[in-house]
1. Within segment 135-158, work out how many residues are basic (Lys, Arg) and outside any loop (DSSP other than H, G, I, E, B).
2. Open to solvent by 30 Å² or more (accessible area, probe 1.4 Å), in the same structural domain as Thr75 (by TED's automatic domain parsing), of a type in the set (A, V, I, L, M, F, W, C) and within 13 Å of the chain's Cα centre (by Cα): is that true of Ile123 in this structure?
3. Just to be sure I understand, how many residues within segment 159-176 are surrounded by 14 or more Cβ atoms within 10 Å (Cβ to Cβ) and not in a helix (DSSP H, G or I)?
4. Within segment 112-169, work out how many residues are in contact (Cβ under 8 Å) with a residue 24 or more places away in the chain, more than 15 Å from Leu65 (Cβ to Cβ) and among the hydroxyl-bearing types (Ser, Thr, Tyr).
5. Residue check, Asp107 against (1) open to solvent by 10 Å² or more (accessible area, probe 1.4 Å); (2) in contact with a helix residue (DSSP H, G or I) (Cβ under 9 Å, 6 or more places away or on another chain), all met but one. Which one?
Amino acid sequence: MGRARRPVQIIILTLIVILGGYAIGTAVFGGEKGRPQAGDNPPAFNLRGLDGQVHNLEKYQGKALVINFWATWCTYCVSEMPALQTQWEKWQDKDVVILGINTGEDDLTVTNFVKQTGVDFPILFDKNKEIVAKYGVVPMPTTFFVNKRGKITSIHQGELDLKTLNQQIDSLVNSR
């Protein structure tokens, strides 16, 4: 009787491995659509901000955008926050908006972090990580640079330093 079950167990185990591999591959590589690339329009979103308002791409039409995906538990995300804040202060009056999209954390954690760091650029909540999936964000932080015409000009994975961030934003502002 034990030998009769063995082929069934092997088939079930094989199916589990195949389905697991598919699920992991889809999560990591973004499935069939994949992540947006330079030249694409960024995927639309409607996210509640720390300010209580709903933010979407239409609200920032005609402005250059820096869309940064981050979390408080991400060491590199925390390290780049001062650079993002510095660039926000430098460029906000030149039609540049920095959006920090927090990935999956609760309001209290994010509010406390923002108070401690003094960040005052718009912080949005992606509690269910739906926008993370739409953008195909795998490593954090990941930053999308969007020109005033609404096209992604570049994508940076990993921590941004002040110089690189400044160069990227300068390129956005001076692009046609």
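1. Here is the first cut: in segment 135-158, the ones basic (Lys, Arg) are 148-149, 151.
Filter again for outside any loop (DSSP other than H, G, I, E, B), leaving none.
Here the count works out to 0.
2. no
3. 2
4. Count: 1.
5. (2)
The values are calculated or read from the model by the stated rules, or taken from the named source; none is laboratory data. Every value quoted in this text rests on a predicted model; they were computed, and no experiment measured them. Cβ atoms come from the backbone with ideal geometry, glycine included; neighbour counts cover every protein chain shown. Only protein heavy atoms, including side chains, enter the accessible area calculation; ligands, DNA and RNA are left aside. Shrake-Rupley method; radii C 1.70, N 1.55, O 1.52, S 1.80 Å.
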